[in-house]
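None of the figures in this text is laboratory data; all of them are computed from the coordinates on show. Small disclaimer: the values here were computed from a predicted structure and weren't measured. Positions of Cβ are backbone-derived with ideal geometry, glycine not excepted, and every protein chain shown enters the neighbour counts.
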Amino acid sequence: MGMIEELTPEQDAKLEGYYGKWLAIGLQTGPRDHSVIERALADVYKCGGLKPPKRFVWGGSPVEVARIVDKECGAGAGDPGHACYGTHDASWLGFYDFMRAEMGLAEETKELEGLTEAALAGISWFWPYEDVVYISELPTVVAQDQEGRLHAETGPAIGYSDGTAVWAWHGVQVPEDVIMHPENITVERVRDEANAEVRRVMLERFGQDRYIQELGLRPVHEDETGQLFRTEFKNDPEVLTMVRVVDTSTGRPYFLRVPPDMQTAKEAVAWTFDVPPQEYSPRAES
Amino acid sequence: MGRKAKGTKGSEDRRPYRQGDVLLVPCDAGMEHGVEVKRDPVRGLVLAVGEATGHMHHIQAPVDAAALFDISPDKLDRLLEVRMPVTLYHDEHAPIGIDPGSYVVRRQREYTPQGLRTVED
């Protein structure tokens, strides 16, 4: 059989369906009936030309199972690199599912039938040995934002029944209290956070205007349009520059973030309206 | 930046008007007009709406006094053509009288490290 160089329009049109199917498989949450999963695992062994395992050892999360594997099979044996990822193998299992069903490569993908069926059934991470298989429950929670990034504002973005959890804000993994107790975030914590992405999340949760205010900075420039503040972060080229303006109608002060290189308050305010500073002098303002 | 505001036909004053998060920048009357924006039966010409509050920057004026056009594909920038003096209203801001002329309606924006964000009041 020759090399497949491109998809036919019909095959191409079906890709979207496989994407949706395998995305749903990958995002499955539990619990699952253990006997169903254990039967699926026996099939995985069979596809690999092996006898089914004699023993199935369950744990509440991949973290817990890794600990058990370390204990029973030797330190380091539970390393995630030694695991099979079940539903979390959706990205490549989906590819071969498409190859099998739409490209006529049934024989070539035969060995993956067991894993594919197991992922469909909702198998989570497992560590296979000849006589025993160590297996995790599925997560109980997987939460995402509209763009599909891990994200949850009031709980874990990934959670397991044993309490293992991952906390994330629009795809950035953060410490638990950044999500659950944003009141714990302080100026010092934001300032000293070494990871720029985590710091951005903290700054968003804390409020960048509040941050600038609580730092107690002197404005780097001031004129009739407002006050310009600037502060740098360690190990980050991204400087926080904000202009403080006063709403002429309500008298309320507020801050707007502007590009880092702004030099004067007027230049900054003009930038917020996308006009050159020399053209920003309202004849009337309310 | 980059977009340059030129002189107007209606007024010698080239300075912009500002009402909260909206700036009316005098521009060349010959600027391409794009699609005319329909009038709201109650508010008249709605220049901009705050997504959170629903507050509008709007002009109530006879049909031949002013018209509004979409000039950018993302509908953020609009062209306001004022033929007779009109008044710009907003629930939280004082009314402002606008002289005849052509104006680009510019929304206030904010910088984010990832990109830009429109400010809405």
(request) For the range A:243-286, report the translational diffusion coefficient in µm²/s to the nearest whole number, using Stokes-Einstein at 20 °C, 1.002 mPa s, and a Kirkwood Rh over Cα pairs. (result) 193
(request) Enter the mean number of other protein chain beta carbons within 10 Å of the beta carbon of each residue in A:245-252, as an integer. (result) 3
(message) Taking only Cα atoms of the protein assembly as shown, what ratio of Rg to Rh do you get with Rh as the Kirkwood inverse-distance radius?
(response) 1.14
(request) For an R0 of 30 angstrom, estimate the FRET efficiency from the Cβ-Cβ distance between residue A:32 and residue A:95 and round to the nearest 0.05. (result) 0.80
(message) Per-residue Cβ counts within 10 Å, from other chains only, averaged over B:99-109: what number is that?
(response) 2
(request) Kindly state, to the nearest 0.05, the FRET efficiency for residue A:197 paired with residue B:14, given R0 = 51 Å and r defined as their beta-carbon distance. (result) 0.70
(request) May I ask you to give the average projected area over all directions of the convex hull of the Cα atoms of the range A:1-79, in nm² rounded to one decimal? (result) 9.0
(request) Sort A:186, A:164 so the one with the fewest other Cβ atoms within 10 Å of its own Cβ comes first. (result) A:186, A:164
(message) Taking R0 as 22 Å, what FRET efficiency do you get between residue A:67 and residue A:24 from their Cβ-Cβ distance, rounded to the nearest 0.05?
(response) 0.15
(request) Could you give log10 I(q)/I(0) at q = 0.18 Å⁻¹ for the range A:47-152, computed by the Debye formula over C-alpha point scatterers of equal weight, without solvent? (result) -0.97
(message) Using the Kirkwood formula on the Cα atoms of the range B:23-104, what hydrodynamic radius do you get, in angstrom to one decimal?
(response) 12.9
(request) Mind checking B:15-22 for the average number of partner chain beta-carbons within 10 Å of each residue's beta-carbon? (result) 6
